[in-house]
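Participant: Pasting in a structure now, in structure tokens, and then I'll have a few things to ask.
Every number here is computed from the coordinates shown, using simple stated rules; none is lab data. Remember, it's a predicted structure, so these values are computed and weren't measured experimentally. Here Cβ is always computed from backbone atoms with ideal geometry, including for glycine, and neighbour counts include all displayed protein chains.
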Amino acid sequence: MISVRYKELKSGKFSAYLDIYMKSDGKGKRNYEFLSIYVHKDYSNPKARVMEVDKENFKLLQAIRNARETELNFSAHGYEVPGKVNYNLLDYVDDCLNKKFNYKLECLNIHLHRYVEDKHTTFSDVNVEFLENFQKYLLTKVSQNTTSAYMGVFRQYYNKLITKGYIKSSAFSEFKAVEEEYLERTTLTIDEVRTLAKSVPKRGNSQVRHAFLFSCFTGLRYSDVRKITFDEIQDGHIVFRPQKTIRKIVRIPLTEQVKEIIKEVEVHPINRKIFWDLPTGQVTNMYLKFWGLEAGITKNMHFHAARHTFATIGLTFGIDLYTMKELLGHSKIEMTQIYAKIVDKKKEEELTKFPKL
């Protein structure tokens, strides 16, 4: 019999360990295995509610306990524990991606293939030092928040190896991932959008202006705007699969504003893309900053600000949260709630402008 026990530490946290009890020659024998996994409360009572901060470690503890229980049962009946496959790390991530597409996992996979010099690296080689060095590498390639997201996905899929019985413990239990930092999202008011619509930028081609305004009224990301075609306009809607969630079909109503923007874009004689001459994301953002300054807007202009603008203006003018979630193609309502908080904050700021009695 194997149970998970908890020892309270001076820090107030609890160190989890396995209480292993087995009989040999009619006599009971008890062993303890400390796991270097720490939680914020004692979960010895099976009815105890697991804190949000402990959920990942709690799942890990249950997986380890189950694996040890299996090993103990095999030994008790005279069988040898099945040998563990020494899985290649890159092959494992490739297999996970082939079974179920995940945009963040795909990005993680690309960086892992670039970072890992020894292509024969196994998941047993993933220790704290490996994770720390890989995280440092990511921070030189992507933002802090993106690094945090990629390491979170890495943790999720790597810890599944414990459940499968391939490893006994995870280096992630001792690894400290970089925390996500709060970033102020650039959003434009409807008046600022009108100002931009009346302003013709002096730099860049006209499709930069059209594509940005198009995104303000559809919420499409740059990656989706760049590939959207006339074939994806169906029955008064833009119907497409987002780059980030290709298994999800998103339907955006074709409003009068969007129709007018599309009419202004020069149609290519062969290419079916609507915005067939849009520069790279980096170049587009550079032109947007110049355009914003020319129009008298001092906010940090970048293409994704159009998506933020679509969400906040839509919620402000009465689109409900669930509908906005579907329009943005979000997989979780929590992602959309971020915009609801921005709208609520702006409302509070406006209320403070009321004159005193």
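Participant: Could you line up Thr352, Thr163 from fewest to most neighbouring Cβ atoms inside 10 Å?
Facilitator: Thr352, Thr163
Participant: Which of Asn133, Asn31, Asn98 ends up with the largest GNM mean-square fluctuation for the chain, with Cα atoms connected below 10 Å?
Facilitator: Sorting by GNM fluctuation, first place goes to Asn31.
Participant: Follow-up. List the aspartates and glutamates whose Cα sits under 16 Å from the Cα of Lys299, skipping any in the same chain fewer than 8 residues away.
Facilitator: Filter leaves Glu184, Asp191, Glu192.
Participant: Also, quick follow-up: Given the options Thr255, Thr186, Thr312, which has the most mean-square fluctuation in a GNM of the chain, springs set between C-alpha atoms less than 10 angstrom apart?
Facilitator: Answer for the Gaussian network model of the chain: Thr255.
Participant: Right, another one. Can you sort Arg30, Arg241 from fewest to most other Cβ atoms within 10 Å of each residue's own Cβ?
Facilitator: Ascending Cβ contact count within 10 Å gives the list Arg30, Arg241.
Participant: Follow-up question, since we're still on this one. At 0.36 nm per residue, and after removing the present C-alpha to C-alpha distance, how many nm does the segment from Lys341 to Asp118 gain when stretched out fully?
Facilitator: Fully extending the segment from Lys341 to Asp118 adds 75.7 nm.
Participant: Return the loop-located trypsin sites (Lys or Arg not before Pro) in the range 172-214 (DSSP other than H, G, I, E, B) with at most 13 other Cβ atoms within 10 Å of their own Cβ; answer none if there are none.
Facilitator: On the way: sites: Lys176, Arg185, Arg194, Lys198, Lys202, Arg203, Arg209; in loops: Lys176, Arg185, Lys202, Arg203.
Listed in order of number, the matching sites are Lys176, Lys202, Arg203.
Participant: Calculate the FRET efficiency for Lys100 and Val53 from the Cβ-Cβ distance with a Förster distance of 25 Å, rounded to the nearest 0.05.
Facilitator: Efficiency at R0 = 25 Å is approximately 0.40.
Participant: Under the classification rounded if a/c is under 1.5, otherwise prolate if a/b is larger than b/c and oblate if not, where does the range 190-351 fall, given a ≥ b ≥ c as square roots of the Cα gyration tensor eigenvalues?
Facilitator: Judged from the Cα gyration tensor, the range 190-351 comes out oblate (a/c at least 1.5, b/c at or above a/b).
Participant: For the range 89-173, just say rounded, prolate or oblate: build the C-alpha gyration tensor, square-root its eigenvalues into a ≥ b ≥ c, call rounded for a/c under 1.5, and beyond that prolate if a/b exceeds b/c, oblate if not. Could you put the intermediate results ahead of the total?
Facilitator: Numbers: a/c = 1.43, a/b = 1.23, b/c = 1.16.
Because its axes are fairly even, with a/c under 1.5, the range 89-173 counts as rounded.
Participant: Here's another thing I want to ask about it. Considering the values (i) 20.5; (ii) 21.6; (iii) 24.5, which represents Kirkwood radius over Cα pairs in Å as calculated for the structure under consideration?
Facilitator: (iii)
Participant: Also, I was wondering about something else. What is the range 276-357 by shape, rounded, prolate or oblate, if you read a ≥ b ≥ c off the alpha carbon gyration tensor as root eigenvalues and call it rounded for a/c under 1.5, prolate for a/b larger than b/c, and oblate otherwise?
Facilitator: oblate
Participant: Any chance you could run the full-extension gain for Arg247 through Val267? It's 0.36 nm times the residue separation minus the Cα-Cα distance, nm to one decimal. Working shown, then result.
Facilitator: Details: separation 20, 0.36 × 20 = 7.20 nm, distance 2.89 nm.
Extra length from Arg247 to Val267 when fully extended: 4.3 nm.
Participant: Then there is this: Arrange Ser124, Ser215 by Cβ neighbour counts within 10 Å, fewest through most, would you?
Facilitator: Ascending number of Cβ neighbours within 10 Å: Ser124, Ser215.
Participant: With the chain treated as a Gaussian network of Cα nodes joined by springs under 10 Å, which of Leu288, Leu61, Leu72 yields the largest mean-square fluctuation?
Facilitator: Leu72
Participant: What are the ³J(HN,Hα) couplings of the range 306-315, residue after residue, when phi is run through the Karplus curve with 6.51, -1.76, 1.60 and θ = phi - 60°? Round to Hz, x for glycine and proline.
Facilitator: Each residue's phi maps through the Karplus curve to give 5, 5, 4, 5, 4, 5, 5, 5, x, 5 Hz.
Participant: For the range 89-173, what's the relative contact order in percent, using C-alpha pairs closer than 8 Å and at least 6 residues apart?
Facilitator: Answer for the range 89-173 is 34 percent.
Participant: Which of the GluC sites (Glu not before Pro) found in the range 154-217 are loop residues per DSSP with 14 or fewer other Cβ atoms within 10 Å of their Cβ?
Facilitator: On the way: sites: Glu174, Glu179, Glu180, Glu181, Glu184, Glu192; in loops: Glu174, Glu179, Glu180, Glu181, Glu184.
Filter output for the range 154-217: Glu174, Glu179, Glu180, Glu181, Glu184.
Participant: Please identify every one of the GluC sites (Glu not before Pro) in the range 245-309 that sits in a loop by DSSP and has no more than 12 other beta carbons within 10 Å of its own beta carbon.
Facilitator: Sites meeting the loop and neighbour criteria: Glu266.
Participant: Next question, about the same structure. Run the numbers for Thr352 and Thr163: contour at 0.36 nm per residue of separation, minus the present Cα-Cα distance, in nm.
Facilitator: My answer for the length gained is 62.7 nm.
Participant: In addition: State, as an integer percentage, the relative contact order of the range 2-76 based on alpha-carbon contacts under 8 Å between residues 6 or more apart.
Facilitator: It comes to 28 percent, rounded to a whole number.
Participant: When the Cα centres of the range 289-357 and the range 120-163 are compared, how far apart do they sit, in Å?
Facilitator: After rounding, the separation between the Cα centres reads 33 Å.
Participant: Explain nothing, just the number: relative contact order of the chain, from Cα pairs under 8 Å at least 6 residues apart, as a whole percent.
Facilitator: Details: 433 pairs, mean separation 43.5, N = 357.
Averaging sequence separation for qualifying contacts and normalising by length gives 12 percent for the chain.
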